[in-house]
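Right, one structure below, let's go through it.
Where a number appears in this text, it was derived from the coordinates with a stated rule and is not lab data. Note that the structure is predicted; figures quoted are calculated from it, not measured. As a convention, Cβ positions derive from the backbone with ideal geometry for all residues, glycine included, and neighbour counts pool all protein chains shown.
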Amino acid sequence: MYALVGQVRIKPGHEEGTAAMARQGGPELVRGMSGSTAAYWARPVDQESDLIQHSFWLFETEADARAAETTFNSLREMPEAPAELVGAQVCEVIAAM
């Protein structure tokens, strides 16, 4: 199993809107990707400024995770987006509960 672990910085004033986008569109986006098995989005509980949102998307194969990485990295090409790409990395899942 492989994961795409990504981070975006939420632009000020877009905190609620981006949370709604993640809840409403995120699962459908990832569900439509080849080999997807699960996806999670998380934010720090006590962070008031420079809000970083974390994404953890799981895939059956490394190739599937790499394809998702391309989609995630497309944020770089969207300067008007409500979030800025911090980074994304494909990882091998080495343990699970």
Let me know the charge dipole size of the chain about its Cα centre in debye, to the nearest 20, where only the beta-carbon of Lys, Arg (+1) and Asp, Glu (-1) is charged.
100 debye
Sort the stretch 41-97 into rounded, prolate or oblate with this rule: let a ≥ b ≥ c be the square roots of the eigenvalues of the Cα gyration tensor; rounded if a/c is under 1.5, and if a/c is not under 1.5, prolate when a/b is larger than b/c, oblate otherwise.
oblate
Angle in degrees between helix 15-31 and the longest Cα principal axis of the chain, rounded to the nearest 10:
20 degrees
May I ask for the net charge around P82, where only other residues with Cβ less than 11 Å from the Cβ of P82 are counted and Lys, Arg are +1 while Asp, Glu are -1?
-2
Contact order relative to length of the chain, as percent, for alpha carbon pairs under 8 angstrom and 6 or more apart:
46 percent
Below 8 Å between Cα atoms, with a sequence gap of 6+, how large is the relative contact order for the stretch 1-54 in percent?
50 percent
Would you mind checking the tilt of helix 62-73 against the longest principal axis of the Cα atoms of the chain, expressed as 0 to 90 degrees and rounded to 10?
20 degrees
